[in-house]
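Only one structure is covered here, and it is reproduced in the block below.
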Amino acid sequence: MKEERSEPNHRANRRSFLKKGVLATGAATVVGAGLLENRLSAVSKGREEKSGRLTPGDAAILRFLAAAEILETDLWQQYNELGGIQDSEVPGGTGSPLYTAALKVLDGDMDQYIHDNTEDELTHEVFINAYLVSKGADTVDLDRFRTLPSSKATGAQNIGRLTNLMQLTVDTSWWTRYRSRTKNPDFGDTFPQAVPSLAVGKHPAIPRNDGDLGPNDHIQAIANTAGFHFGSIEQGGTSLYPSLAQRVTNVEVLRIVLSIGPTEAMHFQTWEDKAGNAPALTDPTDPSLVFPNLNAAPFGGEDFQTNLIMPEPTIFLSRSFPACSIVRPTQTKGAAMGALKGLTASGLFLGQSKEFFAFMTDLAEDADEARRDLE
């Protein structure tokens, strides 16, 4: 077996401008003991990224995954500040008792689960960048893009954010996709929404200010939105890692991708279970937002049943094969760009700069251009 280096088709001039101040030089970066206080710093070099002892494709995949984990950390920190557990493992914020209570309607341990998911994403972010450093490759730092506003609700930190949790359009088709026995998105199939009204409009998943803490059905609608958003985010990671693993060359890099990916699936199944406990209601401040009883007509049946949290068997590779219980999608073509487009369509980046979108698009293109090079 022989490793060869396949150069991605770079857009050098545009990249030189976009990466300025964002890519960190591996050899010059030191990872501290803290997770939040000691992020890898950015050093401007105005040049192509260094791959060090990795193939350019493997380095590009790891950089995209690092960026994705940084974005996940940012959104989960916001959830944890208001609805999780604030401690030395996940510092920041002081909590919102009413929001936390609404989340606990979905499960009594929601604050602990939110805390643990946040810590997991923090460790993924730091580990991947540290691994890039160890191989002499450039890392990713998105701090220059922390320009979005925080929630003004009591309990949230007043700091710049990468992501916007206050104007979400949540795609809930993942719910029916994982229950379908006859369809797979890798075959171009589409799926109905579990909560159709969440997939249109712009809805807060955290209280925007203390005025959002009542009436009861309103703050519960915000918590329900968060519950379905948790599943939407983590099902994306569940698919992203195995999709990109198919393009990895180095066995150790493959081990990293295959070891982190299953934790995303563990997160997803947790949140899928909790979303099923979201109470049926109509938001009194936005009557267009309706959370249905998924076990009753006109929903109901296996495609909506709330206690079906294991992936149902479905078609895989070819319709001629027997049905198989799998992660879906896992099509590798355009996987990184597809993940980025999905996050963008959800409104997660509303208010971000053109530079942010261009930078993230560039990272996704590089990851999608990676090829597994074996003799």
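Of everything in segment 73-98 that is part of a loop (DSSP other than H, G, I, E, B) and of a type in the set (D, E, K, R), the residue that is farthest from the chain's Cα centre (by Cα) is Asp87. Does Val200 satisfy being surrounded by fewer than 15 Cβ atoms within 10 Å (Cβ to Cβ), more than 22 Å from Gly334 (Cβ to Cβ) and not polar (S, T, N, Q)? It is true that Val200 is surrounded by fewer than 15 Cβ atoms within 10 Å (Cβ to Cβ), more than 22 Å from Gly334 (Cβ to Cβ) and not polar (S, T, N, Q).
Report yes if Thr139 is over 20 Å from Asn277 (Cβ atoms), of a type in the set (Val, Ile, Thr) and touching a residue at least 60 places away in the same chain (Cβ under 8 Å), otherwise no. Spelling it out, Thr139 is indeed over 20 Å from Asn277 (Cβ atoms), of a type in the set (Val, Ile, Thr) and touching a residue at least 60 places away in the same chain (Cβ under 8 Å). Answer yes if at least one residue in segment 55-68 is out of contact with any strand residue (DSSP E or B) (no Cβ under 6 Å at 6 or more places or on another chain), part of a loop (DSSP other than H, G, I, E, B) and surrounded by fewer than 21 Cβ atoms within 10 Å (Cβ to Cβ), and no otherwise. Within segment 55-68, none of the residues are out of contact with any strand residue (DSSP E or B) (no Cβ under 6 Å at 6 or more places or on another chain), part of a loop (DSSP other than H, G, I, E, B) and surrounded by fewer than 21 Cβ atoms within 10 Å (Cβ to Cβ). Close Cβ contacts (under 8 Å, 6 or more residues apart or on different chains) running from residues in segment 352-373 that are in contact (Cβ under 8 Å) with a residue 24 or more places away in the chain and under 15 Å from Asp141 (Cα atoms) to residues that are of a type in the set (Val, Ile, Thr) and assigned to a loop (DSSP other than H, G, I, E, B) comprise Phe359/Val22.
Every residue, every condition in (1) in contact (Cβ under 8 Å) with a residue 24 or more places away in the chain; (2) closer than 17 Å to Asn158 by Cβ; (3) among the small types (Gly, Ala, Ser), yes or no:
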{"residue": "Trp76", "(1), (2), (3)": "yes, no, no"}
{"residue": "Tyr79", "(1), (2), (3)": "yes, yes, no"}
{"residue": "Leu82", "(1), (2), (3)": "yes, yes, no"}
{"residue": "Pro91", "(1), (2), (3)": "yes, yes, no"}
{"residue": "Leu98", "(1), (2), (3)": "yes, no, no"}
{"residue": "Val105", "(1), (2), (3)": "yes, no, no"}
{"residue": "Asp109", "(1), (2), (3)": "no, no, no"}
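Applying the condition of being free of Cβ contacts under 8 Å to residues at least 40 places away in the same chain and either of a type outside the set (A, V, I, L, M) or crowded, with 19+ Cβ neighbours inside 10 Å (or both) to segment 217-260 and asking which residue is nearest to Tyr99 (Cα to Cα) yields Ser259. With the structure loaded, tell me whether Ala339 is closer than 19 Å to Val170 by Cα, touching a helix residue (DSSP H, G or I) at 6+ places or on another chain (Cβ under 6 Å), outside any loop (DSSP other than H, G, I, E, B) and of a type in the set (A, V, I, L, M) or whether it fails that test. It is true that Ala339 is closer than 19 Å to Val170 by Cα, touching a helix residue (DSSP H, G or I) at 6+ places or on another chain (Cβ under 6 Å), outside any loop (DSSP other than H, G, I, E, B) and of a type in the set (A, V, I, L, M).
Among the residues of segment 298-333, the ones that are among the small types (Gly, Ala, Ser) and either within 18 Å of Phe191 (Cα to Cα) or surrounded by 15 or more Cβ atoms within 10 Å (Cβ to Cβ) (or both) come to 4 in all. All of (1) part of a helix (DSSP H, G or I); (2) within 20 Å of the chain's Cα centre (by Cα); (3) within 26 Å of Phe291 (Cα to Cα) hold for Gln193 with one exception: (1).
Taking (1) in a loop (DSSP other than H, G, I, E, B); (2) over 20 Å from His229 (Cβ atoms); (3) hydrophobic (A, V, I, L, M, F, W, C) in turn, Leu132 satisfies each apart from (1).
When Ala101, Ala137 are checked against the criterion of being more than 22 Å from the chain's Cα centre (by Cα) and buried (at least 24 other Cβ atoms within 10 Å of the Cβ), a single residue qualifies: Ala137. Scanning segment 144-171 for residues that are touching a Leu at 6+ places or on another chain (Cβ under 9 Å), among the charged types (D, E, K, R) and more than 25 Å from Thr238 (Cβ to Cβ) gives a single hit, Arg146.
Taken over segment 312-336, the residue count meeting the criterion of being in a loop (DSSP other than H, G, I, E, B) and farther than 11 Å from Lys183 by Cα is 12.
Screening Glu125 with (1) crowded, with 20+ Cβ neighbours inside 10 Å; (2) charged (D, E, K, R); (3) outside any helix (DSSP H, G or I) gives one miss only, at (3).
Going by what's in this entry, would Glu125 be described as at pLDDT 95 or above and closer than 21 Å to Met360 by Cβ? Criteria met by Glu125.
The values are calculated or read from the model by the stated rules, or taken from the named source; none is laboratory data. Everything numeric in this text was worked out from a predicted model, so none of it was measured. Note that each Cβ is placed from the backbone with ideal geometry, even for glycine, and that neighbours are counted across all protein chains shown.
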